[in-house]
């Protein structure tokens with residue numbers, strides 16, 4: 001599954017990567033098996049803009065309204081040989097998942113990127129553990145900002161091929177003298193904790209946190225943190241108390257989301273990707 005995808009768009013086989021996943025749903029002794037073929041594609045600006053923008057909105061959560069998502073989505077889909085989308089049935093469909101990396105130094109003069117970097121620098125001030133991230137960003141080092149998001153019910157097994165292909169594509173781009181030689185990779189993601197939620201006569205009441213345990217939306221983030229120079233979480237700027245109910249994931253519980261950053265030195269990133277593959281490989 002981790003085969004290198006061609007960087008020549010004209011020679012690309014649209015089914016170059018496939019994964020078949022069995023999904024089961026059980027009711028007593030009855031169960032159904034659904035076979036789903038996931039396919040990996042390069043970005044196509046004519047097809048992927050809206051799907052990527054929607055997933056960016058999900059990734060950046062309530063703070064997505066602070067950014068020019070259209071401009072960021074444009075930058076992503078224009079990188080036709082860097083990154084992947086995951087789809088079902090046909091390339092013309094919206095992406096169920098995507099992964100890519102943007103060179104922050106290369107795009108530093110673009111307002112959408114500058115606004116996002118400034119936001120991340122400000123969030124770093126809220127947690128001591130994120131101080132090294134701020135230092136790297138303000139020093140304007142060649143940082144690769146990784147965007148990775150997928151629909152919530154996507155199997156995590158799709159992740160290792162995406163990262164493996166990204167490494168191959170970045171290596172090929174560097175060989176071609178393209179601006180993808182990074183000092184660090186910065187992954188922006190999300191965590192959450194469960195909260196109790198009470199709805200009385202249609203009005204939302206105060207939510208009480210169940211505990212301080214944080215959970216990962218992306219299980220690979222737990223592995224990446226073990227290889228990180230720095231990592232930490234932060235509160236969203238637009239956070240409000242209604243968020244927990246709108247994102248209820250359990251019958252009695254809601255979820256409160258938090259932003260997350262993981263900074264990994266470029267030299268350690270291949271090892272981190274290998275560890276993710278081992279962690280998420282089907283048993």
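Each value in this text was obtained by applying a stated rule to the coordinates, not by laboratory testing. Keep in mind that what you see is a predicted model, and the values were worked out from it rather than measured. As a convention, Cβ positions derive from the backbone with ideal geometry for all residues, glycine included, and neighbour counts pool all protein chains shown.
Brief remarks on what is shown
- Using the Cβ-Cβ distance between residue 275 and residue 238 with R0 set to 30 Å, the FRET efficiency works out to roughly 0.35.
- A Förster radius of 30 Å combined with the Cβ-Cβ distance from residue 80 to residue 265 puts the calculated FRET efficiency at roughly 0.65.
- Förster radius 30 Å - calculated FRET efficiency between residue 196 and residue 122 (Cβ-Cβ, nearest 0.05): 0.50
- Available extension along the chain between residue 215 and residue 58 is 54.8 nm, counting 0.36 nm per residue and deducting the alpha carbon span.
- The stretch between residue 176 and residue 154, if pulled fully straight at 0.36 nm per residue, gains 4.6 nm over its current Cα-Cα span.
- For the range 89-176, diffusion coefficient by Stokes-Einstein and Kirkwood Rh (Cα), 4 °C, 1.567 mPa s, µm²/s: 85 µm²/s
- Extension gain for residue 66-residue 167 works out to 33.3 nm (0.36 nm per residue, less the C-alpha to C-alpha distance).
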